[in-house]
Amino acid sequence: MAGTSRQGKPKAARAGKTETVSAPGKKPIEFEKGGLHKSTGTPQGQPIPAAKMQAALDGKLGPKAKQQAEFKKNVLTGPKGGGNGNRKGRRSS
């Protein structure tokens, strides 16, 4: 069954385009591009409003939207500060 998914459907029949995020030494992650826009009802090409993003993070738009919003916040945009500057390789003077 090399060309089928676990549900028995051909892989090409999946809806949406998938993107892959990979980092050296880590397992690649696949996700549906535009999934969070679809879940929040925001047209493609427009930024997701902060209120809708917060509603998705709070789970008000459903569990899938919550998972997508957390993925965007943590994986796609990367860490946002919060550290004290004592990262490996930095020297304090």
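No lab work stands behind these numbers, since they all come straight from the coordinates. Predicted model, so just to flag it, every value in this text is computed and none were measured. Virtual Cβ from ideal backbone geometry, glycine too; neighbours counted across all protein chains shown.
So for each of 44-50, 31-37 I average, over its residues, the number of other beta carbons within 10 Å; can you give me the resulting order with the highest mean first?
By packing density, highest mean first, the sequence is 31-37, 44-50.
How much length is gained on full extension from residue 73 to residue 57, taking 0.36 nm per residue of separation minus their Cα-Cα distance?
Result for the pair: 4.9 nm of gain on full extension.
Would you mind calculating the gained length between residue 30 and residue 50 on full extension (0.36 nm times residue separation, minus the Cα-Cα distance), in nm to one decimal?
4.7 nm is the gain from fully extending residue 30 to residue 50.
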